[in-house]
Amino acid sequence: MNARAIDDIARAEQGTSLWKDAWLRLRKNHLAVFGLVILALFVIIALLTPWIAPYSYQAQDLELGASGPSAAHWLGTDIFGRDLMTQIMYGGRISLAVGFVATAVALLIGVTWGAIAGYVGGRTDAVMMRLVDILYALPFMIFIVLLTVVFGRNMLLLFLAIGAVEWLTMARIMRGQVQSLRQQEFVEAAISLGLSPATLIRRHLVPNALGPIIVYTTLTIPNVMLLEAFLSFLGLGIQPPQTSWGLLISYGAETMEEYPWLLIFPGVALTLTLFSLNFLGDGLRDALDVRGAKD
Amino acid sequence: MALLDVQDLAVSFVTRNGTNKAVDGISFSVELGKITAIIGESGSGKSVACYSLLGLVPMPPGRIDGGRALFEGRDLLKLEETELRRIRGRDIAMIFQDPMTCLNPYMTIGKQLMEPLLYHRKVTTAQARARALELLAEVGIRDPESTIDNFPHEFSGGMRQRVMIAMALINEPKLLIADEPTTALDVTIQAQILKLIAELQHKRDIGVIFISHDLAVVADIADTIVVMKQGQIVETGNREGIFRNARHPYTQKLLAAIPTDSKPPRPGAAEPLIRVQNLCTWFSQGRGREPVRAVNDVSFDINRGEVLGLVGESGSGKSTIGRSILRLVPVTSGEVRFDGTDLTALEGRELKTMRRRMQMIFQDPFASLNPRMTVYDTLAEPLLLHGIETRKSVAQGVLKLMDDVGLARAFVRKYPHEFSGGQRQRIAIGRALATRPEFVVADEPVSALDVTIQAQILDLMQQLSREYGLTMLFVSHDLAVVRHLADRILVLYKGEVVEQGTGDELFERPRQAYTRQLLQSIPGRSLLS
């Protein structure tokens with residue numbers, strides 16, 4: 001074998017996967033990279049919080065009360081004299097975890113469910129989608145209250161409950177995508193190659209349906225975070241002294257006239273996360289669309 | 001004086017990657033009562049040239065660089081948009097390629113027909129309707145009174161194209177521009193539409209520009225033929241001149257691409273590889289409704305090493321037969337034996353093993369490749385799936401396939417959208433051959449391609465089928481192509497086999513009326529004999 005042929009083989013072997021190409025394209029998108037860096041930073045801080053937080057999240061200084069940003073408390077303190085930065089750091093742990101875990105649950109169930117229903121079609125599809133319709137019709141609050149009554153209140157349950165509601169839309173989007181892709185000849189070609197349905201769905205259908213799914217995912221994560229705040233506010237989610245961004249914001253909103261920083265700083269944290277998610281989501285969608293690639 | 005006189009027309013597109021000269025200084029003219037055909041492959045600038053005359057090229061990115069186009073003494077290129085709008089649809093009308101997408105599905109054809117009349121002339125609705133009825137009759141719509149209030153989906157493709165022609169003619173234009181008006185139609189319908197255009201043109205004494213990629217299509221109707229390549233005119237001449245003694249090599253190449261020969265008989269013993277017996281494939285239309293009998297009691301054999309041609313118009317069930325054999329659609333009843341094994345009974349692992357031995361090449365190379373898989377992934381998938389190559393050796397296997405189908409190795413990491421139609425079809429052929437199949441179903445593999453590319457792909461398929469020792473079922477609506485490639489031909493009509501024989505038998509001694517009709521529809525048949 002001559003050097004030229006070896007060279008060709010080397011070129012053929014290196015990085016031909018969709019994801020590797022997508023990553024190369026994503027790196028050129030500055031906004032998306034910015035989003036990724038911010039998100040990574042938040043996640044790292046959340047993971048290290050117990051070791052790097054300036055105070056314990058239970059530590060109060062009742063004499064100090066609510067105070068603005070100072071050298072001792074960079075982001076100020078709340079009405080019980082607790083350090084706001086510590087609160088935001090601990091709150092971020094809960095909020096990010098809920099956001100990512102619940103969305104991941106929704107993504108996993110929704111994409112699988114929708115892909116199977118859309119691919120198999122016929123009666124299976126009808127049964128699977130009617131089940132989705134029934135769950136849609138179930139009032140969300142009653143569902144959560146039921147779950148907490150039966151299983152008691154715990155965090156994992158909260159994640160699952162939110163995920164279990166959010167996957168419904170995901171499944172519908174996925175099913176629609178798969179149904180239209182199913183008509184295309186490349187799917188027939190894959191069947192005639194002898195691919196099993198599972199491989200076919202994984203390799204040929206899911207990658208082609210990712211665009212709308214990714215956009216919807218980036219919309220779901222903030223949605224889930226706000227949902228958690230709402231549930232916690234009603235007493236069904238996180239309870240003080242534990243906290244989350246959603247809770248901090250709702251408490252901050254109550255006292256925003258006297259102590260605006262209690263609203264502003266948690267708000268900034270949440271907004272930054274949401275912006276980053278959107279940038280990253282748009283970037284990912286473009287990066288995965290090989291047709292839009294300019295290079 | 002010519003009706004339309006185009007001099008040195010130049011149009012370019014300005015994009016980020018530079019300026020692309022789509023039309024590079026062309027001159028031609030159209031006379032009243034004559035048909036001027038503009039021939040060229042996709043990207044040759046033939047459509048852009050005509051669209052720019054009517055201000056239908058979006059600007060930017062389009063830009064007219066120069067030239068003039070005198071239509072009845074006025075330069076179309078210098079007219080304001082408002083003046084052009086008065087000419088468009090009234091003095092110059094257009095017919096487009098795809099009659100399926102050019103009619104508004106939510107409007108009755110009567111309303112759509114009357115629209116240009118009501119817009120351009122002062123007539124009452126009743127007058128417009130009367131005129132619409134007249135025209136529908138003229139373009140050969142049976143019983144216009146009762147069909148004028150139907151919606152487009154109630155018409156077949158050919159009928160819709162007739163409606164489009166009626167719509168173009170309703171304002172009595174002096175110039176008709178027809179952009180590939182028959183490309184989306186069946187051969188028999190194509191022949192009818194061509195005849196209609198020629199008749200109307202003659203009767204109304206109007207000028208026609210007929211744009212096509214296929215020289216054969218215009219062989220019977222064009223007075224003047226203009227051959228374009230890469231934005232320039234390479235040759236202009238009358239019909240006789242072009243077909244009898246074309247001077248430019250490109251024109252000669254186009255002429256050579258029209259298949260006119262038949263395949264020489266194949267020696268050797270006849271041992272059937274595929275036996276299809278009483279095959280029925282019906283599609284259910286829901287409870288209480290008659291199923292569509294796409295394939296109805298069809299039996300035939302394909303011998304080892306043979307190419308069997310399957311010919312018929314759309315709806316004849318020819319594609320469904322191919323898909324039934326490959327188990328891509330569920331078979332209603334009947335038997336398909338592959339090398340003795342009944343395929344209709346196979347499931348799971350056994351089916352997968354058989355799939356390796358039979359593959360398919362699809363019609364539309366734009367839809368048959370996964371847009372998110374590179375050439376490498378597309379070709380590596382079957383190699384790995386059937387254990388033909390290991391993870392270590394697969395790259396070599398992929399490159400070998402690319403060599404076989406004539407794709408440059410440097411393209412290995414590219415995605416389908418970066419290729420032309422012909423190149424994509426090469427990828428698709430490579431994928432089908434990857435499993436080293438014994439049997440291949442080719443479903444109209446060249447009908448979406450330009451004529452010259454078509455000839456290349458047909459050559460490639462012939463060469464590969466020799467090298468790989470393939471048995472092939474070649475499905476096509478194009479008799480000339482099938483005759484060129486197939487050892488035996490089956491003619492299909494409404495799901496049933498009406499006639500079979502070798503190419504020469506069918507062409508010289510057709511027994512059935514339907515076969516004769518198909519033969520008469522072959523464009524440019526005068527050239528074949």
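Bear in mind that the values in this text are calculations on the coordinates, not laboratory data. Note that the structure is predicted; figures quoted are calculated from it, not measured. Neighbour counts run over all protein chains shown; Cβ positions are idealised from the backbone, glycine included.
Can you give the % of DSSP beta bridges in the protein assembly as shown that are antiparallel, to the nearest 5?
55
Run the numbers on segment B:309-398 and let me know its relative contact order in percent, using alpha-carbon pairs under 8 Å that are six or more apart.
About 15 percent, as a whole number.
Select from A:251, A:119, A:57 the residue whose mean-square fluctuation is largest in a Gaussian network model of chain A (Cα-Cα springs shorter than 10 Å).
Comparing A:251, A:119, A:57 in the GNM, the peak value goes to A:251.
By the gyration tensor of its Cα atoms, with a ≥ b ≥ c the square roots of the eigenvalues, what is the shape of segment B:309-456: rounded for a/c under 1.5, prolate for a/b over b/c, or oblate?
oblate
How long is the gain from residue B:108 to residue B:496 if the chain were fully straight, where each residue apart is worth 0.36 nm and the alpha carbon distance is subtracted?
Contour length minus Cα-Cα distance gives 136.2 nm.
First measure r as the distance between the Cβ atoms of residue A:133 and residue A:179, then evaluate 1/(1 + (r/R0)^6) with R0 = 25 Å and state the FRET efficiency to the nearest 0.05.
Efficiency for this residue pair is about 0.95.
Angle, helix B:421-434 long axis vs. longest principal axis of chain B, Cα atoms, 0 to 90°, nearest 10?
10
Kindly express, to the nearest 10 degrees and within the range 0 to 90, the angle between helix A:245-254's C-alpha long axis and the longest C-alpha principal axis of chain A.
Here the helix axis deviates by roughly 40 degrees.
Per residue of segment A:133-149, in order, report the coupling 6.51 cos²θ - 1.76 cosθ + 1.60 (Karplus, θ = phi - 60°) as ³J(HN,Hα) in whole Hz, putting x for Gly and Pro.
Karplus values, whole Hz, x for Gly and Pro: 4, 4, 5, 4, 6, 5, x, 4, 4, 4, 4, 5, 4, 4, 4, 5, 5.
Return the distance in nm (one decimal) between the two label points of a simple spin-label model at residue B:278 and residue B:199, each offset 7 Å from Cα along Cα→Cβ.
Label-label distance for residue B:278 and residue B:199, simple model: 4.5 nm.
Sorting B:471, B:353, B:147 on the 10 Å Cβ count, fewest up front, what's the list?
B:353, B:147, B:471
Just checking the output field for A:193-202: average partner chain Cβ neighbours within 10 Å of each residue's Cβ?
Mean number of neighbouring Cβ atoms from other chains: 4.
Relative to a virtual label point 7 Å from the Cα of residue B:266 in the Cα→beta-carbon direction, which members of segment B:346-372 show backbone nitrogen distances below 17 Å?
B:358-361
I'd like the FRET efficiency for residue A:100 and residue A:126, computed as 1/(1 + (r/R0)^6) with the beta carbon distance as r and R0 of 41 Å, rounded to 0.05.
Approximately 0.80, to the nearest 0.05.
What is the Cα centroid distance between segment B:252-317 and segment A:188-260, reported in whole angstrom?
That distance is 52 Å.
Work out, step by step, the length gained on full extension between residue B:137 and residue B:513: first 0.36 nm times the residue separation, then minus their alpha carbon distance; give nm to one decimal.
132.7 nm
Counting partner chain Cβ atoms within 10 Å of every residue's Cβ in A:177-189, what's the average?
So the per-residue partner count for this stretch is 5.
Using Cβ contacts closer than 10 Å as the measure, can you line up B:390, B:344 from fewest to most?
B:390, B:344
Helix B:451-467 sits at what angle to the longest principal axis of chain B, using alpha carbons and giving 0 to 90 degrees rounded to 10?
10
Please work out the C-alpha center-to-center distance from segment A:49-87 to segment B:92-144 and express it in whole Å.
78
Quick check on segment B:424-529: take the gyration tensor over C-alpha atoms, sort the square-rooted eigenvalues as a ≥ b ≥ c, and tell me if it's rounded (a/c under 1.5), prolate or oblate.
prolate
Rounded if a/c is under 1.5, else prolate if a/b beats b/c, else oblate: with a ≥ b ≥ c from the C-alpha gyration tensor eigenvalues square-rooted, which is segment B:399-485?
It is oblate, given that a/c is not under 1.5 and a/b is not larger than b/c.
Under 10 Å, Cα contacts only: if you run a Gaussian network model on chain A, which one of A:186, A:143, A:34 comes out with the highest mean-square fluctuation?
Largest GNM mean-square fluctuation: A:186.
For segment B:172-238, what proportion of DSSP beta bridges, expressed in % and rounded to the nearest 5, is antiparallel?
55
Using a basic spin-label model with each label point 7 Å from the Cα along Cα→Cβ, how many nm lie between residue B:146 and residue A:19?
So the two model labels end up 6.3 nm from each other.
Using modelled amide H (1.01 Å from N, peptide plane; none on Pro or chain starts), what sits under 5 Å from the amide H of residue A:289, excluding residues fewer than 5 places away?
Close amide H contacts, sequence-distant or interchain: none at all.
With a point put 7 Å past each Cα toward its Cβ, work out how far residue A:74 is from residue B:15 in nm, to one decimal.
Using points 7 Å along Cα→Cβ, the separation is 4.9 nm.
Between residue B:342 and residue B:388, what is the FRET efficiency for a Förster distance of 25 Å, r being their Cβ-Cβ separation, to the nearest 0.05?
The calculated FRET efficiency here is 0.45.
Tell me, B:94, A:174 in order of fewest to most beta-carbon neighbours within 10 Å?
B:94, A:174
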